[in-house]
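The values are calculated or read from the model by the stated rules, or taken from the named source; none is laboratory data. What you are looking at is a predicted structure, and each value in this text was computed from that prediction instead of being measured. Positions of Cβ are backbone-derived with ideal geometry, glycine not excepted, and every protein chain shown enters the neighbour counts.
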Amino acid sequence: MNCERELEVWRAVDARHWPEHCDEELRAHVAACADCADVVEVASELSVEHAEAMRDAHVPASGAVWWRAQLRVRQDAVRTARRAMYLIQAAVVVAALGIVAAIGGFAWVPGVLANVQWNVPLIVALTAPLALAPVAVYFAVTED
């Protein structure tokens with residue numbers, strides 16, 4: 001700011017008081033001061049562009065804004081629930097693999113299941129539901 005009255009000129013143009021509702025002294029100052037004349041020119045153009053932008057702006061209806069906000073809340077809730085389901089599924093898979101590993105380890109330890117001659121079919125029969133449960137849950141909750 002080179003002139004101490006630039007702010008006063010800017011406010012007059014911004015309030016749409018320029019030049020009709022301004023005092024003669026301010027108009028005389030703008031006529032004599034090149035900086036303030038530039039402020040009037042730039043501020044006038046900005047004011048016109050602002051008015052055009054406000055006129056051309058499309059503001060959606062309040063109902064549409066509310067509906068979109070509700071839709072977004074629902075989508076966020078679905079995402080949160082899916083994240084929880086994925087964590088649960090991962091925990092079930094890890095638990096199933098742990099059980100399979102434990103049963104498999106006990107089946108092949110000498111003497112533990114020595115009386116059972118069909119170790120592999122027994123292991124498959126016991127672990128198949130555990131291994132297939134996460135897959136069934138996955139297909140039950142996916143929308144595809």
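Listed values, structure above:
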| quantity | calculated |
| --- | --- |
| Residue check for Asp56: surrounded by fewer than 11 Cβ atoms within 10 Å (Cβ to Cβ) and not hydroxyl-bearing (Ser, Thr, Tyr) | yes |
| Subset of the stretch 21-36 [loosely packed, with under 15 Cβ neighbours inside 10 Å and under 49 Å from the mean Cα position of the chain (by Cα)] | His21, Ala34, Asp35 |
| Test: residue in the stretch 67-88 that is surrounded by 11 or more Cβ atoms within 10 Å (Cβ to Cβ), under 27 Å from the mean Cα position of the chain (by Cα) and within 30 Å of Val120 (Cα to Cα) | yes |
| Close pairs from the stretch 59-85: first closer than 19 Å to Thr142 by Cβ, partner surrounded by 10 or more Cβ atoms within 10 Å (Cβ to Cβ), Cβ under 7 Å, at least 6 apart | Met85/Val141 |
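So that you can scan it fast, the table gives a plain yes or no per residue for (1) part of a helix (DSSP H, G or I); (2) at pLDDT 85 or above:
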{"residue": "Met1", "(1), (2)": "no, no"}
{"residue": "Glu4", "(1), (2)": "no, no"}
{"residue": "Val9", "(1), (2)": "yes, no"}
{"residue": "Arg16", "(1), (2)": "no, no"}
{"residue": "Glu41", "(1), (2)": "yes, yes"}
{"residue": "Glu45", "(1), (2)": "yes, yes"}
{"residue": "Glu52", "(1), (2)": "yes, yes"}
{"residue": "Ala64", "(1), (2)": "yes, yes"}
{"residue": "Arg79", "(1), (2)": "yes, yes"}
